1. Find the residue count for region 173-208, including only residues that are open to solvent by less than 30 Å² (accessible area, probe 1.4 Å) and within 16 Å of ligand 2 (Cβ to nearest atom).
2. Among ALA272, ALA255, which is the only one that is within 16 Å of ligand 1 (Cβ to nearest atom), modelled with pLDDT of 95 or more and open to solvent by less than 20 Å² (accessible area, probe 1.4 Å)?
3. Hey, does region 302-323 have a residue that's of a type in the set (A, V, I, L, M, F, W, C) and over 30 Å from GLY96 (Cα atoms)?
4. Can you give me the ranges of the strands (runs of 3 or more DSSP E) entirely in region 18-133 with at least 2 residues that are open to solvent by less than 10 Å² (accessible area, probe 1.4 Å), within 16 Å of ligand 1 (Cβ to nearest atom) and under 20 Å from THR6 (Cβ atoms)?
5. Can you tell me how many residues in region 134-144 are within 16 Å of ligand 1 (Cβ to nearest atom) and either modelled with pLDDT of 95 or more or open to solvent by less than 40 Å² (accessible area, probe 1.4 Å) (or both)?
6. Quick check on this structure: which one of LYS275, LYS297, LYS268 is touching a Gly at 6+ places or on another chain (Cβ under 7 Å), more than 15 Å from ligand 2 (Cβ to nearest atom), under 22 Å from LYS207 (Cβ atoms) and in contact (Cβ under 8 Å) with a residue 12 or more places away in the chain?
7. Please go through region 196-230 and give me each residue that is away from ligand 1 (no atom under 16 Å from the Cβ) and either outside any loop (DSSP other than H, G, I, E, B) or on the phi > 0 side of the Ramachandran plot (or both), ordered by number.
Amino acid sequence: MSDGNTRILGIETSCDETAASVVENGKKILSNVVVSQIDIFAEYGGVIPEVAARSHLEAIQPVINKALKDAGCTWNDIDAIAVTHAPGLLGSLLIGTLTARTLAILHNKPLYAVHHLKSHIYANWLETETEPEFPLLSLVVSGGHTQILYMPRHDEFEIIGTTHDDAIGECFDKVAKILGLPYPGGPAIAKAAKNGDPNKYKLPHPKVENLDFSFSGLKTAVLRAVQKELNLPISHPSHDLKSHLTKKQVADFAASFEKTAVDILSEKLALAREKYPETKSLVIAGGVSANKALREKLNDAFFPDPKLSGDNGAMVAAAAYYEIKAGVAETDPYKLNIYPRISIEAK
Ligand code: KG4
Ligand code: ZN
C-alpha cells in the first residue's frame with residue numbers, strides 16, 4: 001500500500017447505475033462517478049435487464065477512466081479493486097465483474113467481490129466525522145431488499161428480519177405506477193407527498209410476526225383505496241386509474257402511503273431495539289434511505305449522505321476496505337463464480 005493510505009477503486013453495476021469511485025481508507029471520497037440509466041427506464045416505467053446490461057457495457061470503461069482521472073490517480077496509486085458481485089441483475093453484474101476481473105489481472109491488483117447490501121451499509125462510514133458504534137442494528141431498504149441486520153462488529157452480519165414478499169422500494173415503485181407517477185417511484189412519491197395530507201387515507205399495517213415485513217398487502221391496499229375513492233369496481237385495471245385521479249388525490253395518496261410505509265419501518269425498528277437493547281447505533285442503508293420522511297422519523301439514526309443512498313462505487317470501495325481490515329481473502333480473478341450464488345461444479 002503506497003503511502004500508508006489504502007486507495008480502492010470501487011465498481012458498481014448491479015442494477016441501472018454504472019458507477020466507479022476511488023476511496024481512501026474507507027472514508028475519503030477522491031472521486032465518485034455515477035452514470036444513471038433512469039432517463040431510459042423512466043420511459044418504460046421500470047428496468048429492462050437486457051437494456052441495462054448493454055448500457056453498462058457502453059458506459060463502464062469511460063466511467064472507470066473518469067473515476068481515476070477525477071481522483072488524480074494512475075493505476076500505480078490504486079491498491080485494490082472492489083466490485084459488486086451479488087445480488088442484482090445477472091447481465092448487469094456480469095459487465096461489472098468481468099471488467100473488474102480483467103483490470104485486476106491486467107494491472108496486477110487484488111480483487112474484492114463485495115455483496116451489494118453490505119456496500120449500502122458501509123455508505124454510512126463515508127465522509128463522516130462520527131462513525132456508528134458496535135454492536136449496531138442496520139435497516140437495509142432498497143429496491144430489492146428490506147432487512148434488519150445485527151452487526152456485532154465490522155464485516156459480521158446476522159439477518160434478524162426480512163420481507164416475506166415485496167421490498168419497500170419495489171412497493172414505492174408499484175404504488176407510484178398506480179398513481180401515474182414516474183419511475184423510480186420513491187423520489188416521485190416523496191415529491192407528490194409534499195402537497196398531500198398523510199392522514200387522508202387510512203392504510204393497514206400488515207400483521208407480520210417478529211422483525212419480518214410484508215409489503216405486497218400495502219400495495220394492494222392502495223389499489224383498493226384508489227378504486228374505492230373513484231367509485232370503480234375492484235376489477236377495474238390498475239393501469240387505468242391514473243387518468244381518473246386529480247392532482248390532489250394523487251398527493252393525498254402519496255402522502256398517506258409514505259406515512260404508512262415509514263410508520264411500519266419505524267415500528268419494526270422500535271421492536272428490534274427492544275430485542276437488542278445492547279445495540280449502540282442504528283444505521284439506515286439503501287436507496288429508500290434517501291427518503292426525507294424516514295429521515296425525520298428516525299432522527300437519531302445514521303443515514304448516508306443522500307447522494308450516497310442510491311447505488312454508487314464509493315460504498316463498494318468502503319465495504320472492501322473493511323473486508324481487508326477484517327482479514328477477508330481476496331477474490332481470485334480467474335475464478336468464474338464470483339458473481340451470483342450459482343456455482344457450477346464439474347462432475
Ligand atoms: O438501493 P437502490 O438504489 O437500488 C437497489 O439496490 O435496489 O434502491 C432503489 C430504490 C427504488 O425502489 C427507489 O424508488 C427507492 O430506492 N428510492 C426511494 C427514494 N429514492 C430512491 N424511495 C423512497 N424515497 C426516496 N426519496
Ligand atoms: Zn442498491
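1. 2
2. Matching residue, one of ALA272, ALA255: ALA255.
3. no
4. Result: 80-86.
5. 5
6. Testing whether each residue is touching a Gly at 6+ places or on another chain (Cβ under 7 Å), more than 15 Å from ligand 2 (Cβ to nearest atom), under 22 Å from LYS207 (Cβ atoms) and in contact (Cβ under 8 Å) with a residue 12 or more places away in the chain leaves just LYS268.
7. Once the filter is applied, which keeps residues that are away from ligand 1 (no atom under 16 Å from the Cβ) and either outside any loop (DSSP other than H, G, I, E, B) or on the phi > 0 side of the Ramachandran plot (or both), region 196-230 yields ASN210, GLY217, THR220, ALA221, LEU223, ARG224, ALA225, VAL226, GLN227, LYS228, GLU229.
So that you can scan it fast, the table gives a plain yes or no per residue for (1) closer than 18 Å to THR97 by Cα; (2) β-branched (Val, Ile, Thr):
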| residue | (1), (2) |
| --- | --- |
| GLU24 | no, no |
| SER31 | no, no |
| GLU58 | yes, no |
| VAL63 | yes, yes |
| ALA67 | yes, no |
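The values are calculated or read from the model by the stated rules, or taken from the named source; none is laboratory data. What you see is a predicted model, and the numbers here were worked out from it, not measured in a lab. Positions of Cβ are backbone-derived with ideal geometry, glycine not excepted, and every protein chain shown enters the neighbour counts. These area figures cover heavy atoms from the full protein model, side chains too; ligands, DNA and RNA do not enter into them. Shrake-Rupley method; radii C 1.70, N 1.55, O 1.52, S 1.80 Å.
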